[in-house]
Amino acid sequence: MSVLSVNSITKRYPGVTALDGVSLAFAAGRVHGIIGENGAGKSTLMKIMSGVESQDSGEISVEGASVRFRSVHDAMAHGIVMIHQELNLVNDLSVAENIFLGHEPRKFGVIDFKAMNAKAQELLDRVSCKASPKQLLGDLPLAQKQLVEIAKALSHQSKVVIMDEPTAVLSDPETQALFRLIAQLKQEGVCIILISHILHELLENCDDIAVLRDGQFVGSVDAIEASEQQLAAMMVGRELSDMFPARVSAGTGNELFKVSGFQFFGCQSPVDLNVKAGEIVGIAGLVGSGRTELAEALVGLAQGSGSVEVEGVPVGRGLQAGMRAGLVYVSEDRKESGLHLDLPIEWNTSLAKGAGAILDKRAIHERAEDWRKRLNMKIADVRDPVSSLSGGNQQKVSLAKWLATDPKLLILDEPTRGVDVGAKGEIYSEMRKLADQGLGILMISSDLPEVIGMCDRVYVMRDFAMVGELSGEEISEESIMNLAAGVGV
Amino acid sequence: MKAQRFFQDWGVLIAFILVFLYAAITQGGSFLQWPVIVQLFTQNADKGIVALGMTFVIIAAGIDLSVGSLLALSGVLMMLNFNKFIASGTPENVAVIYACLIAMVSGLVIGLFNGAVIVWGKIAPFVATLVGLLAFRSLGQAFAEGGTINATKTEGLQVIANTGFEHSSIVNRNDIPITFSWPIWIWIALALVFGFLLNRTQFGRHVIAVGSNEKAARYSGIPVQKIKFLTYGLVGLCVGIASIIQVSKLASVASGSTGLFWELDAIAAVVIGGTSLNGGRGRIWGTFVGVLLLGLISTLLVTADVSVYWQGVVKGGIILVAALLQRGK
């Protein structure tokens with residue numbers, strides 16, 4: 001019998017049907033994957049199953065009994081917990097206080113800290129988290145925080161744990177540790193539901209994978225038998241031609257960007273790198289290897305020293321000087337630092353470029369319309385807020401914002417994170433087109449197939465230092481991972 | 001959801017019209033006459049000007065609690081210097097101009113000082129301007145030795161607030177033309193300028209961008225610190241202009257009571273007008289109508305003989321209703 005099942009769930013928002021009669025069943029002691037492009041209805045389904053939102057019609061059953069969740073608390077009481085991508089933890093409380101937030105062990109009406117810390121320690125051991133219960137949560141690295149969140153879920157005696165993109169922010173070893181933990185929870189009889197964009201992860205770690213498209217359940221596959229191609233085709237509803245565009249020029253141009261003896265906060269040895277016109281150069285490495293920090297220092301968002309030249313001309317320090325020299329950085333974090341989600345799309349696309357001291361509203365509007373066509377953005381109206389868009393379209397707005405400034409060198413940080421398969425291909429072909437027009441592109445990415453498919457040359461970083469450079473045939477998953485993890489050196 | 005959106009956009013105007021109609025009906029025809037309307041504008045122009053500046057600060061996700069105290073301080077500085085100029089034999093009209101400049105410059109400079117403490121001192125706006133709230137009034141009282149300073153010559157000063165545009169066809173009951181005093185025109189002109197500044201200039205858009213998402217603004221190359229600094233200068237300048245009007249009304253300044261609690265009235269008007277205290281969203285016309293609405297309610301309460309002690313309850317209730325109607329989901 002399934003521990004949790006949904007039956008003909010339908011949910012409508014103004015203008016869209018997010019879920020259209022979806023039925024799924026989840027069993028105890030199994031790991032279920034759910035995939036779909038952005039906007040396919042995954043997150044809506046998760047929100048309904050975890051009590052964040054309620055369905056318009058359809059039924060949820062827990063262990064065969066029909067239930068109706070009025071709140072997250074309701075769902076928790078039935079043993080269903082969701083771990084959100086943006087972890088719901090309080091940085092200013094201790095690890096134990098976070099785990100037991102809302103159901104603190106009490107003695108004589110006051111919190112029994114001794115019992116709480118002891119129980120927290122048990123849970124932390126169970127999820128192999130090295131943090132101490134008394135430690136301040138804010139001091140932990142992200143991967144540890146995630147483990148705390150899982151410990152928190154377990155503290156509720158959860159039968160079903162739903163995880164939304166749990167590996168998006170983790171490095172490879174951390175990801176492996178997380179999947180070991182998931183396997184262990186599975187052994188203990190917990191039902192795990194994983195939502196992810198990373199197909200091979202799901203194939204390796206799930207028992208079965210359900211595919212959603214346009215709010216409907218497309219089908220479910222056995223993870224042992226299925227392939228990435230099969231899943232991708234089910235997600236987009238068509239066969240994917242090769243996602244990566246063919247290289248034409250492959251960076252035979254002049255040296256465009258030259259960095260030598262560059263030091264930034266935390267760096268272990270000075271960095272040298274260069275990018276030719278028309279070249280796409282990757283910066284690979286594990287999360288936390290200092291790639292973003294290097295990029296932010298290069299464009300002047302953070303302190304840095306050393307020689308930075310664009311077309312042979314030294315670039316002054318500071319973001320403004322970098323922008324004037326044609327050096328721009330498209331942030332990995334669209335929500336926090338990349339975009340103004342609450343503001344209209346057309347404002348965003350003109351924020352970096354500007355539109356005169358007295359605004360030229362027509363130019364602002366036309367610029368947004370131009371980019372919308374050029375990047376094939378799926379947008380109802382450029383006056384809508386960015387928050388109304390899917391991840392892929394948001395990323396296109398972010399690209400448009402910086403391309404509007406006519407950059408010479410584009411630094412892209414994880415350009416396809418949280419972007420669906422269809423939009424990914426479009427972003428790749430736009431990148432190649434830009435390179436063919438003579439732009440230099442420096443791409444930070446943790447997605448190895450992407451690095452291998454797109455880059456003419458790859459730098460690899462480890463522990464805030466440049467540890468290698470690969471080009472042409474040398475670029476492979478193995479060679480990159482060996483350098484990134486420091487194997488065989 | 002649609003209804004909520006509608007209230008967010010037009011609530012303050014609807015409220016103003018409803019209250020106005022209520023007044024017109026209960027008070028009979030006497031309310032719907034020029035003198036009453038003109039007086040509403042005259043009485044609230046100075047406060048309205050402060051609220052205009054406050055709108056910018058709040059849209060940039062800041063707050064300024066020091067405006068009331070700053071009003072007293074720049075009024076005191078203006079008056080002390082005016083009397084000094086007169087004493088030293090400066091012609092009265094020249095002294096008036098100097099005094100006005102001193103009020104504006106002191107407002108601007110002290111406002112920028114607030115901004116510097118917040119931006120470069122990295123002190124939370126609430127705390128930094130709370131310091132101003134305490135210190136500026138105290139400073140004003142110290143300069144004025146605790147009391148009221150009267151102008152040694154009053155005529156020239158009073159021209160600013162107590163004269164204005166008159167037209168022979170717009171008269172009161174006794175057929176005397178009504179004065180549309182200069183402060184009204186200054187307020188309206190500033191509202192237009194500020195509306196343009198917010199909606200039509202790069203500066204305005206940067207203010208909104210900073211308030212909406214400061215980090216993304218920084219990553220976009222917007223000079224976040226400079227923008228924040230300037231919003232405090234802007235509200236300071238508004239306070240300086242408002243202090244001229246205040247001083248001009250009676251040709252005197254009371255260091256202990258001038259501008260007392262104005263920070264709260266200004267913030268209330270901004271919020272009622274539909275500007276979000278979280279920053280990133282706001283409008284000038286809303287603030288303008290918000291000031292008028294609060295002013296109208298005060299007038300009504302007085303004419304309806306409601307005890308002074310109850311007025312705070314009514315105003316508080318209005319702000320609560322405004323906040324409830326405008327809250328997000």
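About its Cα centre, what dipole magnitude does segment B:43-326 give when the only charges are +1 on Lys and Arg Cβ and -1 on Asp and Glu Cβ, stated in debye to the nearest 20?
Details: 16 positive and 11 negative charges, 191 e Å.
The dipole of segment B:43-326 has a size of about 920 debye.
Which residues' amide hydrogens lie under 5 Å from the amide hydrogen of B:Gly280, considering only partners 5 or more residues apart or on another chain, with H built in the peptide plane?
B:Ala60, B:Ala61, B:Gly211, B:Ser212
On a 0 to 90 degree scale, rounded to 10, what angle separates helix A:172-187 from the longest Cα axis of chain A?
20 degrees
Nearest 20 debye, what's the magnitude of the dipole of segment A:315-409 about its Cα centre given +1 on Lys and Arg Cβ and -1 on Asp and Glu Cβ?
Magnitude of the dipole: close to 260 debye.
Which of the DSSP-defined H helices in chain B satisfy a minimum axial length of 20 Å, computed from C-alpha atoms, and a minimum mean Kyte-Doolittle hydropathy of 0.0?
B:2-26, B:34-59, B:67-87, B:92-119, B:125-143, B:182-200, B:224-250, B:284-303, B:308-326
Which angle between 0 and 90 degrees, to the nearest 10, do you get for helix A:142-155 versus the longest principal axis of chain A when only C-alpha atoms count?
10 degrees
Name the longest site-free stretch of chain A, where the excluded sites are GluC sites (Glu not before Pro) in a DSSP loop with no more than 13 other beta-carbon atoms within 10 Å.
Longest gap between qualifying sites, sites excluded: A:240-489.
Kindly express, to the nearest 10 degrees and within the range 0 to 90, the angle between helix A:421-436's C-alpha long axis and the longest C-alpha principal axis of chain A.
The angle comes out at about 10 degrees.
Let a ≥ b ≥ c be the square roots of the eigenvalues of the Cα gyration tensor of segment B:113-244; is it rounded (a/c under 1.5), or, if not, prolate (a/b larger than b/c) or oblate?
oblate
Only helical DSSP H runs with n ≥ 4 go in: add -39500 (n - 2.57) per run for chain B, normalise by residue count and round the 222 nm mean residue ellipticity to 500 deg cm²/dmol. Intermediate results must be reported in sequence, preceding the final value.
Values: 13 runs with 240 residues, N = 329.
Helices in chain B give a 222 nm mean residue ellipticity of -25000 deg cm²/dmol.
Skip the ligands, DNA and RNA, and give the accessible area per residue of the protein assembly as shown with a 1.4 Å probe, whole Å².
That works out to 44 Å² per residue.
Based on the Kirkwood radius over alpha-carbon pairs, what value in µm²/s does the Stokes-Einstein equation return for the translational diffusion coefficient of segment B:43-326 at 25 °C and 0.890 mPa s?
On the way: Rh = 19.5 Å.
The Stokes-Einstein estimate is 126 µm²/s.
Please report, in Å, the Rg and the Dmax of the protein assembly as shown, where both are computed over Cα atoms only.
31.7, 101
Lys/Arg Cβ at +1, Asp/Glu Cβ at -1, dipole of segment B:43-326 taken about the Cα centre: which of B:Trp120, B:Thr299, B:Leu197 is farthest positive-ward?
The listed residue farthest towards the positive side: B:Trp120.
Once amide H atoms are built 1.01 Å from N in the peptide plane, which residues 5 or more positions from B:Asn172, or in another chain, come under 5 Å H to H?
B:Ile178
Compare the Cα positions of A:Pro166, A:Ala183, A:Ser94 along the charge dipole of chain A (+1 at Cβ of Lys, Arg; -1 at Cβ of Asp, Glu; about the Cα centre) and return the one farthest towards the positive end.
A:Ser94
Using the Cα centre of the protein assembly as shown as the reference point, and only Cβ charges (+1 on K/R, -1 on D/E), how large is the resulting charge dipole? Debye, rounded to the nearest 20.
Taking the Cα centre of the protein assembly as shown as origin, the dipole is about 2500 debye.
Across 10 Å bins from 0, what is the distribution of all Cα-Cα pair distances for chain A, in whole percents?
4, 18, 27, 26, 18, 7, 1, 0
Taking the dipole about the Cα centre of chain B, with the C-beta of Lys and Arg at +1 and of Asp and Glu at -1, give me whichever of B:Gly273, B:Phe85, B:Val171 is farthest to the positive side.
So the residue furthest toward the plus end is B:Gly273.
Report the B-A buried area as the accessible area lost on both sides summed, probe 1.4 Å, in Å² to the nearest 100. Numbers along the way, then the final one.
On the way: alone 15950 and 21810 Å², together 35720 Å².
Chains B and A together bury roughly 2000 Å² of accessible area.
With just the Cα atoms defining each centre, how far is segment A:9-74 from segment B:1-50? Give it in Å.
After rounding, the separation between the Cα centres reads 48 Å.
The values are calculated or read from the model by the stated rules, or taken from the named source; none is laboratory data. This structure is a prediction, so every number in the text was calculated from the model and none was measured. Using ideal geometry, Cβ is built from the backbone for each residue, glycine included, and neighbour counts are taken over all protein chains shown. When the accessible area is computed, the model is the full protein with side chains, heavy atoms only, and any ligands, DNA or RNA have been set aside. Shrake-Rupley method; radii C 1.70, N 1.55, O 1.52, S 1.80 Å.
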